[in-house]
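For reference, the structure is listed below as structure tokens.
The values are calculated or read from the model by the stated rules, or taken from the named source; none is laboratory data. None of these values were measured; they are calculated from a predicted model. Methodologically, a virtual Cβ is constructed for each residue, glycine included, from the backbone with ideal geometry; neighbour enumeration extends over all protein chains shown. Surface areas here come from the heavy atoms of the whole protein model, side chains and all, with no ligands, DNA or RNA. Shrake-Rupley method; radii C 1.70, N 1.55, O 1.52, S 1.80 Å.
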Amino acid sequence: MMARSAEPTLSREGPAFVIAQIARLAFEVTAGADPVAIRGAGICSPGPLDTTEGIALGIPTLAGFDDYPLHRSLADALNMPVVLENDGICAAIGEWRMGAAKGHDNVVYVTVSTGIGGGVIADGRVLRGRRGMAGHVGHMCLVMDGEPCPCGARGCFEAYASGTALARRARAALGSTADASSVFEEAARGNSLAMDLVREEARYLGQGFASLLHLYNPDILVLGGGLSNRFDMLRDGILAEIRQTAMPAFRDTPVVKAALGGESGLIGAASLVFDQHVDEFS
Ligand SMILES: [Zn+2]
């Protein structure tokens, strides 16, 4: 059975409200399904999360999710086994198991939208790291003492290559109403300032990706998130930057667009429910 239900997270209302919202949507979408057939719930959540303990450690975009027992609250509210995973890792798993990276043992997934997140598959398994927090690729440093990042540090990959960073440069170059999508629209119309912004964005992405190739040596690097919708305009610039920056042996690594679009994370989270270890979490 395939069904879908969604609504905006009422993120300012606090954890109890948001959990109740998730539970209501889950019950709506599974109404009429055979309860025995429901194996559990795969939850894809923004981080940072300690997925070994099931604790939200301070999610910047969600009020009150500081040291919050997210796994236990969800399992109580949904009354079923729950698997909780960071959204970047979920999306990496989705693309690895069913999307653009299917069949590869070494995958780096990077989502570029408002921020930058990611996940890594290494030697055929999900890289989770200490407390399950591996793959926060948006916060590797690109520029020492550089632009401020929402994480509190300066010069992060996210502070230069996210959609938010592109919008900041767009406002400075094109005017106060410009945003990330207007940059691509103007560039497609031949606006040279906008074309420069697209080239610059591709260079920042290529710089970050080159570091990720050196670190994780993937068979394939998958780009997801809002900016991947403009991959056709960014691709050549990204590959040119990688050819300039990466060591020769890394330069031919394929860089591709995510195949599952906005569904990568949901599909990855759902697939985790069918893994054998689900009972450990229930
Ligand atoms: Zn940062």
Output yes when any residue across the range 24-42 is at pLDDT 95 or above and assigned to a loop (DSSP other than H, G, I, E, B), and no when none is. no
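Looking at the structure I just gave you, is Ala33 touching a helix residue (DSSP H, G or I) at 6+ places or on another chain (Cβ under 9 Å) and among the small types (Gly, Ala, Ser)? Walk me through it before giving the result.
Details: touching a helix residue (DSSP H, G or I) at 6+ places or on another chain (Cβ under 9 Å): no; among the small types (Gly, Ala, Ser): yes.
When the stated conditions are applied, Ala33 does not pass them.
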The range 151-190: number of residues that are within 21 Å of the chain's Cα centre (by Cα), open to solvent by 60 Å² or more (accessible area, probe 1.4 Å) and of a type outside the set (Asp, Glu): 5
Glu263: of a type in the set (D, E, K, R) and without any contact (Cβ under 8 Å) to a residue 40 or more places away in the chain, yes or no? no
With criteria (1) away from the ligand (no atom under 16 Å from the Cβ); (2) in contact with a His (Cβ under 8 Å, 6 or more places away or on another chain); (3) closer than 30 Å to Arg24 by Cα, Gly117 comes up short on (1)
Within the range 58-75, can you find the residues that are crowded, with 16+ Cβ neighbours inside 10 Å and in contact (Cβ under 8 Å) with a residue 60 or more places away in the chain? His71, Ala75
In this structure, is Leu193 of a type outside the set (Lys, Arg), away from the ligand (no atom under 15 Å from the Cβ), surrounded by fewer than 17 Cβ atoms within 10 Å (Cβ to Cβ) and closer than 30 Å to Gly58 by Cβ? no
Residue count for the range 122-138, restricted to those that are within 11 Å of the ligand (Cβ to nearest atom) and at pLDDT below 95: 1
